[in-house]
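S.K.: First, the structure itself, so that you have it in front of you.
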């Protein structure tokens, strides 16, 4: 059993990592679990709930400058001691992403495998400073170089990035369908439209007062949940690439709203009319809010992409990422001190994929929250676990094809080794973590890992390009960013159909 160090035990780790590691202990995969965080995080971790994960010993470190590329000596000394005394085998890094680079470098220097939260890195004010936006991609290259160097001395070392959509049965199925049509027609994906909204309604004063997953560091939605889509879109596109049609460049143009725009859409006076008591609670004038949030990051981002091969547009794409969307929040005072989860947040996610004249795929996951009426379908439109994929194929060209197939929750439920894999985000996260634990225990070979660091160059490119487009606009230069989009060759096993890959791995 492997001993795990969890660096950063905030709301995300308590909701996702700690319960999964506790389950790993029950399965004989995990030995001890030790947390690391700054003193401000100590109090909430003296106990645990089923939702927040188990209690665990927490080693405290002092806060440090997130721009440092190496850990300060005092922090390094504390962590080195923990690794030695507790026999640490692997590290989960679940901090604010601005600290990911320094912690990952430290872990790799010690030969420790890493489960790394997304995004791989981010820099303060990257939405307005082109140099900091470009650093997102150079950070990936630096982490990759450290990883490759560390593996020379520790061949079994692994860095896996927690991107759960790669572990979601609906995305497996869509990737298989794309590959099948590409194999028969030699046609890649020709367009992809993706949309995600999480309904994070922030009151005007909360833009300043609630900073967790906020905008005060000069970045926002693209760094919060946006990386999941920067990752899954090229992961799907890869299934349609064929010889001579490999994607080599991408052009990106970003349109965003920032807090000043949101305040123009729905301002202080509007909130005073909507919520009795808001005027008494809010200490900020509209002028103060606009001044204080002038350098804040993006709330919503609509991104236009052109993926090219040899100078020709092979795939047109749009990626629309929304915080300020449909919400079920109806209370003035939030239920928790952060707006990370709950407080009326609702997921609406769609992907529309066209493969020339041959195939169209529509993915929908649309929630409304609240319990379904007695006897109602628990997976129907608006339910917490709603998911469906519609497959349209040109049966006039290929009579053997079915012109329309609707795949719902039950049809998308499949197997993951010997276990059932249901098409939900939460269960997909658990599969991602469990895969990492199984690798550490020698149960899964490297070539079967679905999210190794080496496969994340394109995702890092899209994130850097999105922020570079935003920053260039702030600087008054061209909003269109063009970046290289080549990727290192994938292992042959990663091109197997997803269900076959999962079964073969286990």
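Listed here are the residues, each with its yes/no results for (1) within 30 Å of the chain's Cα centre (by Cα); (2) in a loop (DSSP other than H, G, I, E, B); (3) in contact (Cβ under 8 Å) with a residue 24 or more places away in the chain; (4) assigned by TED's automatic domain parsing to the domain that holds residue 314.
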| position | (1), (2), (3), (4) |
| --- | --- |
| 232 | yes, no, yes, yes |
| 236 | yes, no, yes, yes |
| 243 | yes, yes, no, yes |
| 247 | yes, yes, yes, yes |
| 252 | yes, no, yes, yes |
| 256 | yes, no, yes, yes |
| 260 | yes, no, yes, yes |
| 270 | no, no, no, yes |
| 284 | no, yes, yes, yes |
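S.K.: Given 360, 406, which one is exposed (fewer than 13 other Cβ atoms within 10 Å of the Cβ) and not in a loop (DSSP other than H, G, I, E, B)?
M.R.: Working: 360 fails: exposed (fewer than 13 other Cβ atoms within 10 Å of the Cβ).
Only one candidate passes the filter, namely 406.
S.K.: Going through region 202-212 one residue at a time, which ones are buried (at least 20 other Cβ atoms within 10 Å of the Cβ) and either part of a loop (DSSP other than H, G, I, E, B) or in contact with a strand residue (DSSP E or B) (Cβ under 7 Å, 6 or more places away or on another chain) (or both)?
M.R.: Listed by number, the residues that qualify are 202, 203, 204.
S.K.: Confirm whether residue 227 is touching a residue at least 12 places away in the same chain (Cβ under 8 Å), closer than 24 Å to residue 327 by Cβ and either surrounded by 22 or more Cβ atoms within 10 Å (Cβ to Cβ) or in contact with a strand residue (DSSP E or B) (Cβ under 7 Å, 6 or more places away or on another chain) (or both). If you could, list the steps in order and put the result at the bottom.
M.R.: Working: touching a residue at least 12 places away in the same chain (Cβ under 8 Å): yes; closer than 24 Å to residue 327 by Cβ: yes; either surrounded by 22 or more Cβ atoms within 10 Å (Cβ to Cβ) or in contact with a strand residue (DSSP E or B) (Cβ under 7 Å, 6 or more places away or on another chain) (or both): yes.
It is true that residue 227 is touching a residue at least 12 places away in the same chain (Cβ under 8 Å), closer than 24 Å to residue 327 by Cβ and either surrounded by 22 or more Cβ atoms within 10 Å (Cβ to Cβ) or in contact with a strand residue (DSSP E or B) (Cβ under 7 Å, 6 or more places away or on another chain) (or both).
S.K.: Can you tell me how many residues within region 343-357 are in a loop (DSSP other than H, G, I, E, B) and under 18 Å from the mean Cα position of the chain (by Cα)? Break it down stepwise before answering.
M.R.: Initially, region 343-357 is screened for residues in a loop (DSSP other than H, G, I, E, B), giving 343-347, 356-357.
Narrowing further to those that are under 18 Å from the mean Cα position of the chain (by Cα): 345-347.
Residues that pass the stated criteria total 3.
S.K.: Would you be able to say whether some residue in region 51-65 is in contact with a strand residue (DSSP E or B) (Cβ under 6 Å, 6 or more places away or on another chain), surrounded by fewer than 16 Cβ atoms within 10 Å (Cβ to Cβ), farther than 26 Å from residue 120 by Cβ and modelled with pLDDT under 95?
M.R.: yes
Condition check ((1) assigned to a helix (DSSP H, G or I); (2) modelled with pLDDT of 95 or more) across all residues:
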| residue | (1), (2) |
| --- | --- |
| 395 | no, yes |
| 415 | no, no |
| 428 | yes, yes |
| 462 | yes, yes |
| 478 | no, no |
| 489 | no, no |
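The values are calculated or read from the model by the stated rules, or taken from the named source; none is laboratory data. Keep in mind the model is a prediction, meaning the values are calculated, not measured. For neighbour counting, all protein chains shown are included, and Cβ atoms are generated from backbone atoms with ideal geometry for every residue, glycine included.
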